Amino acid sequence: MREAYKNYFPLPNAIFSLNLCPGEIAVYSYLLHCEDRKTYQCYPSYKTIGRAVGMSTNTVQKYIFELADKGFITIESTSVITKSGQKRNGSHRYTIRPIQEVVNLYHQRQLRKLEQDTAKSRIARGIAV
């Protein structure tokens, strides 16, 4: 018998209807696995994500930016101060966005694309808008 959330993490059903490729799903799933359930944030490096999902760091980076563009996550740069007092780049901080916001954004973009396609079609046929 499974205990709720013990050694498991929730994966929203909606991700399977939002046109994500398998790589995006894998990276998003790993970020959900790592997130702090109170702050919705996590800090894994591209290398760490890549090892977990079997991808190169460049491929992970590509999918991270795709997920951010699609509204699934936000990305913030962080910095650390070394013992010698030097400021260095830290890992990125990823914030997982609420899935309903992602779904709403997806539908808004789909509607906008449909409106643009309709306008282009009318222009091509010579119909006034």
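The values are calculated or read from the model by the stated rules, or taken from the named source; none is laboratory data. Values in this document were obtained by computation on a predicted structure and should not be read as measured data. No Cβ is skipped: glycine too gets one built from the backbone with ideal geometry, and neighbour counts run over all protein chains shown. Remember, those area values only see protein heavy atoms, side chains included, never the ligands or the DNA or RNA. Shrake-Rupley method; radii C 1.70, N 1.55, O 1.52, S 1.80 Å.
Name the single residue that is nearest to Asn89 (Cα to Cα) among those in region 40-53 being without any contact (Cβ under 8 Å) to a residue 24 or more places away in the chain and open to solvent by 70 Å² or more (accessible area, probe 1.4 Å).
Among residues in region 40-53 that are without any contact (Cβ under 8 Å) to a residue 24 or more places away in the chain and open to solvent by 70 Å² or more (accessible area, probe 1.4 Å), the one nearest to Asn89 (Cα to Cα) is Lys47.
What residue, of Tyr63, Tyr28, is of a type in the set (Ser, Thr, Tyr), touching a strand residue (DSSP E or B) at 6+ places or on another chain (Cβ under 8 Å), modelled with pLDDT of 95 or more and surrounded by 10 or more Cβ atoms within 10 Å (Cβ to Cβ)? Steps first, answer last, please.
On the way: Tyr63 fails: touching a strand residue (DSSP E or B) at 6+ places or on another chain (Cβ under 8 Å).
On inspection, the qualifying residue turns out to be Tyr28.
With the structure loaded, tell me whether Ile123 is more than 21 Å from Ser17 (Cβ to Cβ), touching a Phe, Trp or Tyr at 6+ places or on another chain (Cβ under 7 Å) and not hydroxyl-bearing (Ser, Thr, Tyr) or whether it fails that test.
No: the conditions fail for Ile123.
Which ones in region 54-77 are free of Cβ contacts under 8 Å to residues at least 40 places away in the same chain and within 12 Å of the chain's Cα centre (by Cα)?
Of everything in region 54-77, those that are free of Cβ contacts under 8 Å to residues at least 40 places away in the same chain and within 12 Å of the chain's Cα centre (by Cα) turn out to be Val60, Gln61, Lys62, Ile64, Phe65, Ala68, Asp69, Gly71, Thr74, Ile75.
Filter region 1-25 down to the residues that are under 20 Å from Val53 (Cα atoms) and surrounded by 12 or more Cβ atoms within 10 Å (Cβ to Cβ), then identify the one that is modelled with the lowest pLDDT.
Within region 1-25, the match that is modelled with the lowest pLDDT is Phe9.
Out of region 69-99, which residues are modelled with pLDDT of 95 or more and open to solvent by 90 Å² or more (accessible area, probe 1.4 Å)?
Asp69
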